[in-house]
Amino acid sequence: MDNRALEMLMQAAQSGDTRAYAQLLNEITPRLRQIIQNQRRFLQPADIEDLVQEVLLSLHAVRATYDPQRPFKPWLFAIARNRLADGARHYARHAAHELQVEDLTVTFSDQVANIDAEAYGDPEALKRAIQELPRGQREAIEMLKLRELSLKEAAAASGTSVGALKVSVHRAMARLRKVVNG
Amino acid sequence: METDRLIQRLAETSGPVSRLAPPSIRTAIWLALAIPYVALVVFVMTPRSDLVAKLTDAAYVVEQFAALATGITAALAAFASIMPGFDRRFLLLPVPPFAVWFGSLSLGCVQSWFQFGPDGLSLHPDWFCFPAIILVGMVPAITMALMLRRGAPLTPRLTTALGGLATAGLGNFGLRLFHPQDASIMVLVWQMGTVFVLTALAGWAGRWLLDWRALTGTVRRSITVR
């Protein structure tokens with residue numbers, strides 16, 4: 001679709017034509033996806049789609065700023081570039097403070113995550129060992145292992161990130177394993 | 001939410017929007033609201049008794065024009081900076097009048113030095129300037145903030161700093177209509193110093209005042225509520 005057609009669709013969308021707006025968004029989405037894929041090759045498809053949606057939401061939020069006297073594409077790409085840069089700053093801030101621990105074993109189904117209860121022989125010893133853990137690790141064990149909250153629920157309840165929770169429970173399990181194995 | 005579904009919901013919940021006027025029109029609107037307020041404050045504070053005489057003082061007239069021009073061009077730059085795809089040269093608009101303003105005050109300092117020696121650059125407290133500029137710039141600042149929030153937060157800190165410079169420049173223009181302080185060093189340090197501080201504070205507040213996440217969060221809530 002040429003520039004003039006996009007400009008007319010955007011103008012119609014600003015006037016409240018929902019069909020024109022849907023057509024416009026469907027028209028620009030593949031192009032946005034391609035641009036983001038080219039700019040952020042290291043991202044997973046799901047993350048790319050998140051960024052595409054962020055750009056669409058941003059376009060929607062500021063659609064009143066489009067001036068029909070001016071070309072549409074520079075307006076669109078200015079928003080996309082800005083959101084991409086914003087996303088990169090956000091990603092960098094979180095990457096600096098989080099440890100990627102996707103392969104840490106935190107579920108009951110994973111053998112490494114499970115303490116062999118029989119090896120304790122003394123539930124009281126296990127209870128004491130949990131009480132002696134540092135606060136963050138103790139809370140992570142209590143929420144994830146004892147109360148069986150999901151990672152998201154536990155993160156929301158404790159105010160920490162999912163990544164930080166995974167690190168805490170991994171360290172707690174390592175300490176408890178040492179206690180169990182003497 | 002799948003992207004196709006998102007597009008569908010965005011289209012369903014969209015309605016007609018009032019296009020933002022061009023930056024020049026928005027600046028005119030802002031001035032139309034700000035100038036009467038500034039005039040009211042000057043009237044309440046009582047114009048300086050030597051105002052008519054000062055209109056023949058070249059340095060005073062140049063500095064007043066430069067302060068006003070800095071305010072107007074900074075407002076224009078601020079309103080341009082929230083329009084995606086805007087010409088970045090707009091951001092340089094306040095530089096020339098600001099240079100004239102600063103240059104005139106600096107020249108005044110140099111002239112005072114040559115004329116009176118170190119006594120010509122003596123500084124004493126004039127804390128009145130800070131709250132006075134804030135008073136004169138208060139309504140223009142609030143109006144500016146509300147108008148800037150309608151745009152795209154492309155450069156939040158720069159945008160609000162320009163907005164701060166606009167209101168502080170206008171504030172200083174109004175201040176010198178009722179505050180009889182003309183010693184260049186005093187104006188440079190206390191009045192222009194206040195302008196710098198207010199501009200920096202406004203820039204610092206940009207990340208809270210203009211935020212993409214707040215805008216897109218509002219959109220997300222509107223498309224998920226049935």
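Among residues other than A:I48 whose Cβ falls under 10 Å from its Cβ, what is the net charge (Lys/Arg +1, Asp/Glu -1)?
0
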Here the residues of the range B:199-226 whose accessible area is at least 40 Å² smaller with all protein chains than in the chain alone (probe 1.4 Å) are B:W212, B:R213, B:T216, B:V219, B:R220
Using a simple spin-label model with points 7 Å from Cα along the Cα→Cβ vector, what separation in nm is obtained for B:M1 and A:Q131? 4.9
Reduced to Cα centres, the span from the range B:127-197 to the range A:153-182 in Å works out to 52
Give me the inter-chain shielding for B:105-112: mean count of other chain Cβ atoms within 10 Å, whole number please. 0
Using only the alpha-carbon atoms, how far is helix B:23-45 inclined from the longest principal axis of chain B? Give it as 0 to 90 degrees, nearest 10. 40
If I model a spin label at B:V17 and A:R175 as a point 7 Å from the Cα along the Cα→Cβ vector, what separation in nanometres do I get? 5.2
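Provide the gained length on full extension for the span B:R221 to B:L92, in nm with one decimal, where the gain is 0.36 nm per separating residue minus the Cα-Cα distance.
On the way: separation 129, 0.36 × 129 = 46.44 nm, distance 3.77 nm.
Extra length from B:R221 to B:L92 when fully extended: 42.7 nm.
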Rounded to the nearest 10, the angle in degrees between the Cα long axis of helix B:192-209 and the longest principal axis of the Cα atoms of chain B comes to 10
In degrees from 0 to 90, rounded to the nearest 10, what is the angle of the helix B:3-13 Cα long axis to the longest principal axis of chain B? 70
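At a Förster radius of 22 Å, what calculated FRET efficiency corresponds to the Cβ-Cβ distance of A:R40 and B:L158, to the nearest 0.05?
Details: r = 25 Å, r/R0 = 1.12.
Between A:R40 and B:L158 the formula returns 0.35.
For B:V219, what is the net charge nearby, where nearby means another residue's Cβ is under 12 Å from its Cβ and Lys, Arg count +1, Asp, Glu -1? Walk me through the numbers before you get to the answer.
On the way: positive: A:R63, B:R9, B:R213, B:R220, B:R221; negative: A:E54.
So the environment of B:V219 carries a net charge of +4.
Could the peptides B:79-88, A:78-87, B:152-161, B:123-132 be put in order, highest first, of the mean number of other beta-carbon atoms found within 10 Å of their residues?
Values: B:79-88: 21.1, A:78-87: 19.2, B:152-161: 22.8, B:123-132: 13.8.
Result, highest mean Cβ count within 10 Å first: B:152-161, B:79-88, A:78-87, B:123-132.
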Checked against the positive end of the charge dipole of the range B:46-117 (+1 on Cβ of Lys and Arg, -1 on Cβ of Asp and Glu, about the Cα centre), the farthest of B:V62, B:F102, B:T73 is B:T73
Probe radius 1.4 Å, ligands and nucleic acids left out: can you give me the accessible area buried at the B-A interface, summed over both chains, in Å² to the nearest hundred? 2900
Take the Cβ-Cβ distance between B:L55 and B:A214 as r, set R0 to 41 Å, and report the resulting FRET efficiency rounded to the nearest 0.05. 0.35
Spin-label point model (7 Å from Cα, Cβ direction): what's the A:D50 to A:M1 distance in nm? 2.8
Grab the DSSP H runs of the protein assembly as shown that are 4 residues or longer, score each as -39,500 (n - 2.57), total them, divide by all residues and round the 222 nm result to the nearest 500 deg cm²/dmol. -23000 deg cm²/dmol
Percent accessible area from carbon and sulfur atoms, chain B, protein chains only, probe 1.4 Å: 71
Round to the nearest 10 and report in Å² the accessible area of B:W212, as given by a 1.4 Å probe over the protein chains' heavy atoms. 10
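If you add up the charges near A:M1, with Lys and Arg at +1 and Asp and Glu at -1, over every other residue whose beta carbon is less than 14 angstrom from its beta carbon, what do you get?
Details: positive: A:R4, A:R31, A:K73; negative: A:D2, A:E7, A:E27.
Charge balance near A:M1 sits at 0.
The values are calculated or read from the model by the stated rules, or taken from the named source; none is laboratory data. What you see is a predicted model; the values in this text were computed from it and never measured. Cβ sites come from the backbone with ideal geometry, for glycine too, and all protein chains shown count toward neighbours. Side chains included, ligands, DNA and RNA excluded: accessible areas come from the protein's heavy atoms. Shrake-Rupley method; radii C 1.70, N 1.55, O 1.52, S 1.80 Å.
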